[in-house]
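The values are calculated or read from the model by the stated rules, or taken from the named source; none is laboratory data. The structure presented is a predicted model; accordingly, all values stated were derived computationally and were not measured. All Cβ positions, even for glycine, are placed from backbone atoms using ideal geometry, and neighbour counts span all protein chains on display. SASA here: full protein model, heavy atoms, side chains in, ligands and nucleic acids out. Shrake-Rupley method; radii C 1.70, N 1.55, O 1.52, S 1.80 Å.
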Amino acid sequence: MYVFMKLQQHGGVQRALLALTVPLETLQVVKGRMLQAMCKGLSRQTHAQANVRMLPTYICSVPDGTEKGDLLVVELCQSHVRTLRMTLSGNGNQSPKVMYKIFDMPGDIKQGKGEALFDFIAQCVRQFLAGVSSPQQRLPLGFVFPFSCRQTGLDKAELICWSKGFSCSDVEGKDVVQLLQSAINKQELCHVDVVALMNDTVGTMMTCSTEGEPCEVALVMGMSTNSCFMAEAQQVEMAENASGQMCVNTEWGYFGDDGSLNDILTPYDQRVDQESANPGEKRFEKLVGSLYLGEIVRHALIALAAEKALFIGSSIDVLRTKDVLKTQHVLEISKAQSALEALGLQPSEQDCCRVQQICRAVVSRAAALGAAGLAAILSHMRQSRELEQMMVNVGVDSKLYQGHRLLAPECKATLLPSVDGTGRGAAMVTAVTLRLAAQRREVEQLLAPLRLSHADLERVQVLMRREMELGLGRESNANSSVRMLPTYVCSTPDGTERGEFLALDLGGTNFRVLVVRVAQDGIHMASEIYVIPTTVMQGTGEALFDHIIECIMDFQLKQNLMDQILPLGFTFSFPCQQLGLDKAVLLSWTKGFSASGCVGQDVVHLLREAAQRKQHLGLKVVAVVNDTVGTMMSCGYEDPKCEIGLIVGTGTNACYMEEMENVGTVEGEQGRMCINMEWGAFGDNGCLDDFFTNFDRLVDEKTINMGKQRFEKLISGMYLGEIVRHVLLALVEKQVLFRGKPCPKLQTRDIFQTKFLSTIETDGLALQKVRAILQDLDLQASFEDSILVQEVCQTVSLRAAQLCAAGLAAVVEKMRENRGLARLSVTVGVDGTLYKMHPHFSQNLQKMLRDLAPNCTVTLLQSEDGSGKGAALVAAVAWREAEL
Ligand code: 0WK
Ligand code: BGC
């Protein structure tokens with residue numbers, strides 16, 4: 001309606017208004033270009049060329065209402081320095097005590113020596129403190145410095161370049177935190193520490209944040225313009241190994257400096273830029289910042305006057321003076337007559353109307369472009385958090401800003417005007433910094449016992465080797481916690497095995513029955529998974545083996561094998577004293593099994609008895625093997641160099657091919673035999689006590705085999721979740737997690753499953769997903785909490801992988817020495833849900849293994865078909881040898 005009316009009046013004004021109006025579809029384009037520019041700034045490859053600089057601020061958290069203490073803030077503003085002191089009580093901080101003082105800046109100081117500027121700021125702090133605090137009290141200070149800085153930490157920021165009329169010497173390229181701290185020390189204010197520097201946008205974001213209503217975006221659209229937002233830290237590639245979220249200072253004022261706004265720039269904008277102190281720079285700011293709006297209008301009026309569309313017959317010389325039209329004029333143009341006359345112009349009523357139209361067009365364009373920028377930020381946040389819809393609070397320090405809804409309909413943004421500038425926000429940043437630093441000290445102290453040094457792991461390796469030697473010795477075997485059980489498997493597959501076999505696989509997450517056909521063209525298998533209910537695992541032995549027979553019969557029925565008696569290989573993944581390939585006496589249950597009447601029994605006999613009880617046709621058990629042996633054999637079929645089997649699943653264990661001459665517990669000196677180490681029990685004799693933390697003791701105390709399987713309880717899937725749960729509870733108790741709020745659900749045993757670790761530690765997982773997992777446990781987690789939970793999971797799983805590496809290093813080093821080799825090259829067949837599902841377990845294990853056994857080249861070969869196949873191969877080897 002507005003535009004239509006003017007068109008009728010004068011073509012030149014129409015063209016000017018059209019040029020100054022950016023239609024919605026063009027704003028969509030601008031939003032798209034801003035999104036691209038933001039991604040360019042975030043990426044390490046393209047950051048240097050980016051004009052929207054996306055500077056990391058190292059602010060990774062928003063206030064949570066528990067911040068306490070006295071804080072000092074100094075804010076460098078356009079024409080003054082503001083000092084502020086805030087006292088936080090930590091009870092939500094709804095109404096903190098605030099006092100402040102403004103110190104006008106001497107006119108020339110902005111173009112003088114940098115030292116003089118910082119001395120002036122420090123003197124303001126001294127004067128301010130003289131009235132409000134005692135010199136003894138340490139006072140952390142937050143510094144609001146609204147210029148683009150390359151930050152490498154919260155308290156380390158190098159000025160990239162001045163703007164807004166500042167050009168002090170000897171500051172660009174320097175660490176301004178250091179400059180301020182030395183100026184403050186010069187004032188003998190040694191109780192004042194500059195702990196954080198932030199951009200004014202960050203201060204605005206924090207000022208608008210309230211307990212439970214954090215603000216995650218801020219917009220400054222004043223003299224200049226800029227914005228910041230909480231980005232997913234892994235996207236802020238310029239910030240080393242940041243996790244969780246980090247506030248990014250966009251410095252979007254430079255948007256368009258690469259020409260990406262040229263198609264919306266008007267001749268008036270070009271003039272404003274040419275006459276500015278930094279032509280070609282800050283093109284977006286020169287369209288949006290109120291510092292320039294008056295200039296744009298001035299050039300538009302001059303142009304229109306030249307086209308005889310305005311001020312016909314009256315002089316407009318006054319308009320040729322730079323900056324004669326102030327922002328206030330433009331924003332309050334409703335009083336055009338008086339404003340223009342005040343400038344010495346004689347405007348007609350029509351002139352006033354047209355000047356108002358131009359002013360409104362310039363202001364609306366600025367607001368619309370600001371909206372396009374904000375829409376780009378909101379869409380970026382929604383996409384990087386993998387959300388359909390997004391709700392977010394936006395702190396706004398602007399008189400200009402209007403709406404963005406059309407440009408980002410999928411984002412519901414609540415605009416929170418920042419009432420008293422950035423001072424409060426800066427105090428909150430300082431308070432959050434101190435809270436995080438204190439929390440970090442608590443976390444480091446609590447996690448330290450779970451972090452093993454290289455020397456610790458070397459010690460575990462040496463202890464494992466010693467226990468292995470003891471375990472192999474006929475005399476010393478009983479004193480070893482690593483039982484080194486002979487398996488009677490003396491060779492790995494050579495590919496000549498043939499035949500059809502039944503195989504059972506008991507002891508892992510699932511019980512599997514398989515039929516395995518070993519043929520010329522390879523191995524063909526069919527299998528079925530059966531559940532072993534806890535009641536059966538912890539019931540009677542009879543019930544357990546009856547259940548196994550029922551599953552076998554069900555399988556044979558389904559596979560139409562009821563009338564065949566196939567040789568059977570039985571993977572029985574518990575510590576057994578093998579008395580032969582088909583005779584194994586159970587030494588103890590592990591992994592939550594405790595079926596009665598089994599320990600001390602030959603498990604093959606128990607199976608046969610159950611078959612009789614169930615009138616089963618009869619089983620031809622030719623081999624019973626441990627799952628480590630089955631896994632070694634299974635992988636050995638693919639890779640003949642596979643001479644070690646490793647399981648990292650519900651439980652953990654390893655086996656390897658030992659020289660018979662070293663196996664003191666079995667007659668014979670020739671060849672090799674596979675030894676089932678049963679390393680899960682490593683440390684049961686106390687040799688690992690120095691490495692057990694309170695968390696490990698808490699976990700062990702609640703198991704049905706307390707004091708047993710100590711090494712396993714540091715490593716395997718059955719226990720890692722429990723260790724994490726106890727660590728989280730301790731962090732809650734220390735008030736550094738979930739704000740110390742009690743978490744009843746977290747008191748529940750096994751509620752924090754080990755599979756959660758694998759999900760939570762997945763690279764690039766949006767923190768939202770971590771929060772979702774915690775939400776399912778009724779844990780209301782902040783982003784910070786989610787990062788801390790991730791760190792606890794990483795710490796616990798890394799320790800497990802490194803301890804595994806220390807054990808394996810002892811094995812490969814022994815094999816190398818056994819064989820008198822300078823360098824051993826060997827393959828390890830690996831299976832187990834934790835090893836297979838955890839995103840970093842394998843690589844962490846390999847890395848530490850390389851460090852601990854540098855003279856061994858170890859290939860970790862993941863078993864694809866489980867140890868059932870291996871059991872069938874052992875049966876095939878036994879069957880082949882039996883027929884010889
Ligand atoms: C799959 C093997 C089985 C072994 C299991 C261990 O076929 O013999 O016991 O891996 O992993 P888990 O199922 O305990 O994670
Ligand atoms: C058992 C081992 C088994 C390992 C992996 C341990 O608890 O004692 O026999 O190899 O778990 O399943």
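Give me the percent of the accessible area of the chain that comes from carbon and sulfur atoms, probe 1.4 Å, all protein chains in place.
Details: 17980 of 34380 Å².
The nonpolar share, carbon plus sulfur, comes to 52 percent.
Where the centroid of each part is defined by its Cα atoms, how far is the range 8-28 from the range 829-859 in Å?
Result: 65 Å between the Cα centres.
Over the range 488-625, average the accessible area per residue using a 1.4 Å probe and give it in Å², no decimals.
Values: 5660 Å² over 138 residues.
Averaged over the residues of the range 488-625, the accessible area is 41 Å².
Take peptides 628-635, 771-778 and line them up by average Cβ neighbours within 10 Å, highest first, as a rough protection proxy.
Going by the mean number of other Cβ atoms within 10 Å, highest first, we get 628-635, 771-778.
With a 1.4 Å probe and every protein chain left in place, tell me how much accessible area Tyr100 has, in Å² to the nearest 10.
130
Work through the residues other than Ala595 whose Cβ is under 14 Å from its Cβ and net out their charges, Lys, Arg +1 and Asp, Glu -1.
Numbers: positive: Lys591; negative: Glu542, Asp546, Glu609.
Here the count lands on -2.
Pairs of alpha-carbon atoms within less than 8 angstrom and 6+ residues apart define the contacts here; what relative contact order does the range 488-625 have, in percent?
It rounds to 26 percent for the range 488-625.
Grab the beta carbon distance between Cys39 and Arg466, set R0 = 60 Å, and tell me the FRET efficiency rounded to 0.05.
That pair, Cys39 with Arg466, gives E of 0.60.
Pulled fully out, how much extra length does the chain show between Gln768 and Asp258, if you take 0.36 nm times their separation in residues and subtract their Cα-Cα distance?
180.1 nm
Under 13 Å from the Cβ of Ala277, count the other residues' Cβ atoms, weight Lys and Arg +1, Asp and Glu -1, and hand me the total.
-1
Full extension from Asn91 to Leu579: what is 0.36 nm times the residue separation minus their Cα-Cα distance, to one decimal in nm?
Numbers: separation 488, 0.36 × 488 = 175.68 nm, distance 6.83 nm.
Answer, rounded to one decimal: 168.8 nm.
What FRET efficiency comes out for Gln28 versus Arg459 if R0 is 51 angstrom and r is the Cβ-Cβ distance? Round to the nearest 0.05.
So the FRET efficiency works out to roughly 0.20.
Would you check the accessible area of Glu442, probe 1.4 Å, heavy atoms only, in square angstrom rounded to 10?
Counting only protein heavy atoms, Glu442 exposes about 60 Å² to solvent.
In nm, to one decimal, how far is the modelled label at Ile102 from the one at Leu331, with both set 7 Å along Cα→Cβ?
Using points 7 Å along Cα→Cβ, the separation is 1.3 nm.
Among Gln357, Ile760, Leu821, flag the residue with its Cα farthest along the positive direction of the charge dipole of the chain, charges on Cβ as +1 for Lys/Arg and -1 for Asp/Glu.
Highest projection toward the positive end goes to Gln357.
Sort the range 413-525 into rounded, prolate or oblate with this rule: let a ≥ b ≥ c be the square roots of the eigenvalues of the Cα gyration tensor; rounded if a/c is under 1.5, and if a/c is not under 1.5, prolate when a/b is larger than b/c, oblate otherwise.
Numbers: a/c = 4.86, a/b = 1.94, b/c = 2.51.
It comes out oblate by the Cα gyration axes.
Among Gly680, Gly664, Val724, whose Cα projects farthest towards the positive end of the dipole of the range 659-724, with charges put on the beta-carbon of Lys, Arg (+1) and Asp, Glu (-1)?
Val724
Could you list, bin by bin from short to long, the percent of Cα-Cα pairs of the chain in 20 Å steps?
13, 33, 25, 19, 9, 1, 0
Given a 1.4 angstrom probe, what's the average accessible area per residue across the range 646-742, in square angstrom? Intermediate results must be reported in sequence, preceding the final value.
Values: 3280 Å² over 97 residues.
Per residue, the range 646-742 has an accessible area of 34 Å².
Return the loop-located trypsin sites (Lys or Arg not before Pro) in the range 648-743 (DSSP other than H, G, I, E, B) with at most 15 other Cβ atoms within 10 Å of their own Cβ; answer none if there are none.
Within the range 648-743, the qualifying trypsin sites (Lys or Arg not before Pro) (loop, at most 15 other Cβ atoms within 10 Å) are Lys702, Lys734.
Which of rounded, prolate or oblate describes the range 802-884 when judged by the alpha-carbon gyration tensor and an a/c cut-off of 1.5? Let's see the in-between values first.
Working: a/c = 3.33, a/b = 1.35, b/c = 2.46.
Oblate is the answer for the range 802-884, as a/c is 1.5 or above yet b/c matches or exceeds a/b.
Which is farthest toward the positive dipole end of the range 488-625 among Ala503, Gln615, Leu568, measuring Cα position about the Cα centre, with Cβ charges +1 (Lys, Arg) and -1 (Asp, Glu)?
Working it through, the farthest residue towards the positive pole turns out to be Gln615.
At Val599 and Leu18, where each label point lies 7 Å from the Cα along Cα→Cβ, what is the point-to-point distance in nanometres?
It works out to 9.3 nm between the two label points.
Below 14 angstrom from the Cβ of Val770, what's the summed charge of the other residues (Lys, Arg +1; Asp, Glu -1)?
-4
Going by Cα centres, the range 516-571 and the range 468-514 are how many Å apart?
19
Quickly work out the Gln559-to-His80 label distance, labels modelled 7 Å from Cα along the C-beta direction, and quote it in nm with one decimal.
For His80 paired with Gln559, the spin-label model returns 8.6 nm.
Which order do Met390, Met238 take when ranked by solvent-accessible area (1.4 Å probe, heavy atoms of all protein chains), largest first?
Ranked from most to least accessible, the order is Met238, Met390.
Work out from phi, with θ = phi - 60° and the Karplus expression 6.51 cos²θ - 1.76 cosθ + 1.60, the ³J(HN,Hα) of each residue of the range 38-55, listed in order in whole Hz, and give x for Gly and Pro.
Going residue by residue, I get 5, 5, 4, x, 6, 7, 4, 5, 9, 3, 4, 8, 6, 9, 8, 6, 6, 7 Hz, with x marking Gly and Pro.
With +1 assigned to the C-beta of every Lys and Arg and -1 to the C-beta of every Asp and Glu, and no other charges, what is the dipole magnitude of the chain about the Cα centre in debye, to the nearest 20?
2400
In deg cm²/dmol, rounded to 500, what helix-only [θ] at 222 nm does the chain give when every DSSP H run of at least 4 residues adds -39500 (n - 2.57) and the total is split over its residues?
Helix contribution divided over all residues of the chain: -13000 deg cm²/dmol.
Heavy-atom accessible area per residue, the range 30-85, 1.4 Å probe: how many Å²?
On a per-residue basis, 33 Å².
Given a Förster radius of 51 Å and the C-beta distance between Gln274 and Arg739 as r, what FRET efficiency does 1/(1 + (r/R0)^6) yield to the nearest 0.05? Let's see the in-between values first.
Working: r = 55 Å, r/R0 = 1.07.
About 0.40, to the nearest 0.05.
When only DSSP loop residues count, what GluC sites (Glu not before Pro) in the range 618-725 have their Cβ near at most 12 other Cβ atoms within 10 Å?
Loop-located and lightly packed - Glu667, Glu669.
Could you compute how much accessible surface Tyr58 exposes when probed at 1.4 Å, giving the result in Å² to the nearest 10?
We get 60 Å² for Tyr58.
Given the Cα-Cα distance of Lys308 and Arg440 and 0.36 nm per residue of separation, how much length would full extension add, in nm?
40.7 nm
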